[in-house]
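Colleague: Below you will find the structure I want to go over with you.
The values are calculated or read from the model by the stated rules, or taken from the named source; none is laboratory data. These numbers were taken from a predicted model, which means no experiment stands behind them. Don't worry about glycine lacking a Cβ; one is built from the backbone with ideal geometry, like all the others, and counts go over all protein chains shown. Surface areas here come from the heavy atoms of the whole protein model, side chains and all, with no ligands, DNA or RNA. Shrake-Rupley method; radii C 1.70, N 1.55, O 1.52, S 1.80 Å.
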Amino acid sequence: MYRVEVQVQTLRVSEWISRYCQPERFVPLCSACPQYGKNWACPPEMPRVQEFAKPYAYVQVIGLKVLYDEDVRAEAMTSQERTEELRQATYGAAKKQMLQALLALEEEFPGSMTIMAGGCELCKQCTRAEGKPCRHPREMRYSYSGLGFDLGRIAEEVLGMPLLWQNQGLPAYNVAIASFLHN
């Protein structure tokens with residue numbers, strides 16, 4: 001069905017921010033996303049990465065590459081609904097496992113912090129849309145792109161996993177990116 005490859009690279013936080021964080025360029029693009037203003041992990045009103053990352057010296061940039069078998073890609077071509085079902089069963093599941101592993105790592109290294117690509121997916125419906133506080137504030141992690149990072153450059157330059165896009169069906173692979181900040 002699919003297989004997963006993982007790539008991890010260590011950067012200094014100062015280099016990570018100076019080379020790859022451009023909130024003035026990327027955060028405005030978030031307004032076109034259906035999660036904008038409806039997910040606690042997404043803009044508007046996100047913290048500035050320079051502020052919350054200040055205590056950290058290092059960042060492990062983690063790329064999770066979900067490679068699809070040809071039979072899965074062929075099945076995904078049957079309908080957009082089937083594509084999304086397959087993406088959630090593969091990429092979505094792998095991404096959730098990565099988040100759980102990183103949250104466990106945070107427990108082992110108190111004071112560390114994780115950032116995930118995409119909006120938070122812990123709840124079926126985020127409470128932000130209702131104007132209520134987050135149900136899982138200890139597990140929710142900010143969106144990488146919502147903080148203003150250039151995920152395309154990170155995927156290619158840091159991880160060697162260029163992002164692929166496809167109008168119909170599944171690409172050869174999808175990449176989930178996370179970061180683990182620590183000292």
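Colleague: Given the conditions (1) under 25 Å from THR127 (Cβ atoms); (2) among the small types (Gly, Ala, Ser); (3) at pLDDT 95 or above, and given that ALA57 satisfies all but one, which numbered condition is not satisfied?
Modeller: The number of the failed condition is (1).
Colleague: Do the conditions hold for CYS33, that is, is it touching a helix residue (DSSP H, G or I) at 6+ places or on another chain (Cβ under 9 Å) and closer than 19 Å to LYS95 by Cβ?
Modeller: yes
Colleague: For the range 78-97, which residues satisfy the criterion of being more than 30 Å from CYS21 (Cβ to Cβ) and in contact with a helix residue (DSSP H, G or I) (Cβ under 8 Å, 6 or more places away or on another chain)?
Modeller: ARG82, THR83, LEU86
Colleague: Within the range 57-86, take every residue that is of a type in the set (Ser, Thr, Tyr) and free of Cβ contacts under 8 Å to residues at least 24 places away in the same chain and give me the one that is most open to solvent (accessible area, probe 1.4 Å).
Modeller: First, the residues of the range 57-86 that are of a type in the set (Ser, Thr, Tyr): 58, 68, 78-79, 83.
Add one more test, that the residue is free of Cβ contacts under 8 Å to residues at least 24 places away in the same chain, and what stays is 78-79.
On the way: THR78: 102, SER79: 42 Å².
Of everything passing the filter in the range 57-86, THR78 is most open to solvent (accessible area, probe 1.4 Å).
Colleague: I need a count of the residues in the range 87-101 that are in contact (Cβ under 8 Å) with a residue 12 or more places away in the chain and not β-branched (Val, Ile, Thr).
Modeller: The qualifying residues number 8.
Colleague: Out of ALA41, ALA53, ALA89, which single residue is hydrophobic (A, V, I, L, M, F, W, C) and either surrounded by fewer than 20 Cβ atoms within 10 Å (Cβ to Cβ) or farther than 18 Å from SER145 by Cβ (or both)? Steps first, answer last, please.
Modeller: Numbers: ALA41 fails: either surrounded by fewer than 20 Cβ atoms within 10 Å (Cβ to Cβ) or farther than 18 Å from SER145 by Cβ (or both); ALA53 fails: either surrounded by fewer than 20 Cβ atoms within 10 Å (Cβ to Cβ) or farther than 18 Å from SER145 by Cβ (or both).
Just a single option satisfies the conditions, and that option is ALA89.
Colleague: Can you name the residue in the range 114-139 that is among the aliphatic types (A, V, I, L, M) and open to solvent by 30 Å² or more (accessible area, probe 1.4 Å) and is also nearest to GLY37 (Cα to Cα) among such residues?
Modeller: Initially, the range 114-139 is screened for residues among the aliphatic types (A, V, I, L, M), giving 115-117, 122, 129.
Narrowing further to those that are open to solvent by 30 Å² or more (accessible area, probe 1.4 Å): 122, 129.
Details: LEU122: 16, ALA129: 7 Å.
Applying the filter and picking the extreme gives ALA129.
Colleague: Show the residue pairs that are 6+ apart or on different chains and have beta-carbon atoms under 7 Å apart, the first residue being within the range 145-168 and farther than 16 Å from TYR91 by Cβ and free of Cβ contacts under 8 Å to residues at least 24 places away in the same chain, the second being assigned to a loop (DSSP other than H, G, I, E, B) and open to solvent by 40 Å² or more (accessible area, probe 1.4 Å).
Modeller: Matching pairs, first to second residue: GLY152/LEU163; GLU156/PRO162.
Colleague: Considering only residues that are in contact with a strand residue (DSSP E or B) (Cβ under 9 Å, 6 or more places away or on another chain) and open to solvent by 30 Å² or more (accessible area, probe 1.4 Å), which ones fall in the range 152-165? Spell out how you get there, then give the answer.
Modeller: So the first thing to find is which residues in the range 152-165 are in contact with a strand residue (DSSP E or B) (Cβ under 9 Å, 6 or more places away or on another chain), and the list is 154-155, 158-164.
Those that are in contact with a strand residue (DSSP E or B) (Cβ under 9 Å, 6 or more places away or on another chain) and open to solvent by 30 Å² or more (accessible area, probe 1.4 Å): GLY160, PRO162, LEU163, LEU164.
Colleague: Mind listing whichever residues of the range 166-183 are of a type in the set (Gly, Ala, Ser) and either open to solvent by 50 Å² or more (accessible area, probe 1.4 Å) or touching a strand residue (DSSP E or B) at 6+ places or on another chain (Cβ under 6 Å) (or both)?
Modeller: Within the range 166-183, ALA176, ALA178, SER179 meet the criteria.
Colleague: Restricting to the range 145-171, name every residue that is assigned to a loop (DSSP other than H, G, I, E, B) and within 26 Å of GLN80 (Cα to Cα).
Modeller: Answer for the range 145-171, where residues must be assigned to a loop (DSSP other than H, G, I, E, B) and within 26 Å of GLN80 (Cα to Cα): MET161, PRO162, LEU163, LEU164, TRP165, GLN166, ASN167, GLN168, GLY169, LEU170, PRO171.
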